Amino acid sequence: MELTVGTFNLNNLFDRWNFTGALEALASGSSSVPATYEFDNEHRRRLQLDGHGKLLTAKKPEDTTRVAERLLAADVDVWIVQEIENVDVLREFNREHLNGAYEHVMVIDGNDSARFIDIGVLSRRPIGGVTSYQRTFHPDVPDRPIFSRDLVEAEILDARGRRLLTVFGTHLKSKFVDFTVADPVAAAAAAQLLRTQQAETIVRIMGSRMSSRQRYLLCGDMNDTPDSSALVAYAQAGLVNALTAPTEIGAVQTTVDLPASPAWTSTFKESKQPRTFDLIDQIWLSPALAPRLRQAFIGRRRKLARDGTDHDPAWISLDL
């Protein structure tokens, strides 16, 4: 039996309308703002600001359409997706843009109080038990949950309700440092430490939940490379990187020199620095699942900067 499982950061899949005028009026000190709201459909919309006071708005329609095209082209059975606002948005995305291709849709609101981005599951296979570890603590950080977003565990079942494998999905702390912070170097070091502690916690949770004989995998946006010091706990725990030699599907339309290795899902060009190509979207297999790996893939973007999202999807084929 073949099962395909993938990870894809959909990049801010929000469902927002821009009420900029009303916000400007409120900012000027007005206690009441007369406004007329006109909607093209019956769905309710609500105003939402991120943790920095920035208005959250929906993706551009063309970007949403392109993300859906890339996702459907991969034809994957189970997706772990990141940067989802809530379950209603993912259901709407599945219904309106994926033609209902995924019968099973799941999102649990996580810890992100700044951008409200959560982890979701799209599955053609039945989903069994689902667990969120957002209320998990690291021994070195006992005063707040360790996951700035979440770690989600989901059982993937066959048609008779038997567990095929367990999938852990996550989205670790970003390397992004706001240019307004007083000490960017210290902020970057703090972010790396948090990623390290998050990876350690994931390994501890999986070790407590799974035995070495069980088939499970970890995937998601790790915001660091597989060989980074922040993610060293994965290999130390015996997990196997499934994306060491992926097959590229599609090609980038660019004059930029691309790396020899296809194992990258994200690219970044810092001012006056060479462009980097990194595998930050990853899939790690348990020792019992690793021999079941048939092939690994990365769906290559058409535009280097972004193609609906600034991430490329990665997925694997398993022989179960």
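Can you spot the lysines whose alpha carbon is less than 21 Å from residue 60's alpha carbon? Ignore those fewer than 8 places along the same chain.
Cα-Cα hits under 21 Å: 303.
What do you get for GluC sites (Glu not before Pro) in the stretch 66-122 restricted to DSSP loop and a cutoff of at most 14 other Cβ within 10 Å of the site's Cβ?
Those that pass, being in a loop and sparsely packed, are 103.
Residue by residue through the stretch 288-304, what is 3J(HN,Hα) from phi via Karplus (6.51 cos²θ - 1.76 cosθ + 1.60, θ = phi - 60°)? Round to whole Hz and write x for glycine and proline.
6, 8, 3, x, 8, 5, 9, 7, 10, 9, 10, x, 6, 5, 8, 10, 5
Using a Gaussian network for the chain with springs between C-alpha atoms less than 10 Å apart, which of these wobbles most: 271, 148, 113?
Comparing 271, 148, 113 in a Gaussian network model of the chain, the most mobile one is 271.
Quote to one decimal, in nm, the extra length available between residue 254 and residue 235 on full extension: 0.36 nm per residue of separation minus the C-alpha distance between them.
Computed gain between residue 254 and residue 235 is 3.4 nm.
Sequence-distant or interchain residues sharing an amide H contact under 5 Å with residue 118, placed H: which?
83, 84, 85
Using mean Cβ contacts within 10 Å as the protection proxy, how do 193-200, 235-242, 139-146 order, highest first?
On the way: 193-200: 21.1, 235-242: 18.0, 139-146: 11.9.
Packing proxy ranking, top to bottom: 193-200, 235-242, 139-146.
Given H placed 1.01 Å from N in the peptide plane, which residues other than close sequence neighbours of residue 289 have an amide H under 5 Å from its amide H?
216
Work out from phi, with θ = phi - 60° and the Karplus expression 6.51 cos²θ - 1.76 cosθ + 1.60, the ³J(HN,Hα) of each residue of the stretch 135-148, listed in order in whole Hz, and give x for Gly and Pro.
So the J values, rounded to whole Hz, are 9, 9, 10, 9, x, 7, 9, x, 9, 7, x, 6, 8, 6.
Would you look at the GNM of the chain, springs on alpha carbons closer than 10 Å, and say which of 252, 87, 152 moves the most?
Residue with maximal mean-square fluctuation among 252, 87, 152: 252.
Just tell me which lysines come within less than 16 Å, Cα to Cα, of residue 175; anything on the same chain fewer than 8 places away is out.
Those lysines meeting the cut-off are 269.
Near residue 66, within a Cβ-to-Cβ distance under 10 Å, what is the net charge of the other residues, with Lys and Arg +1 and Asp and Glu -1?
Result for the neighbourhood of residue 66: +3.
Could you compute the FRET efficiency for residue 130 and residue 294, with r as their C-beta to C-beta distance and R0 at 25 Å, rounded to 0.05?
After rounding to 0.05, the efficiency reads 0.45.
Starting from the amide H of residue 128, placed 1.01 Å from N in the peptide plane, find each other amide H under 5 Å away whose residue is 5 or more places distant or on another chain.
Residues meeting the criterion, in which the H sits 1.01 Å from N, are 155, 156, 157.
Net charge near residue 98, counting Lys/Arg +1 and Asp/Glu -1 over other residues with Cβ under 12 Å of its Cβ?
-1
When the helix-only estimate is applied to the chain (DSSP H runs of n ≥ 4, each -39,500 (n - 2.57), divided by the residue count), what is the mean residue ellipticity at 222 nm, nearest 500 deg cm²/dmol? Walk me through the numbers on the way to the answer.
On the way: 5 runs with 63 residues, N = 320.
Mean residue ellipticity at 222 nm (helix-derived): -6000 deg cm²/dmol.
For the chain, just run the numbers: alpha carbon Rg, then divide by 2.2 N^0.38 Å, N being how many residues it has.
1.02
Each value in this text was obtained by applying a stated rule to the coordinates, not by laboratory testing. Being a predicted model, the structure only gives us computed values, none of them experimental. A quick note on method: Cβ atoms are made from the backbone with ideal geometry, for glycine too, and the neighbour counts reach across all protein chains shown.
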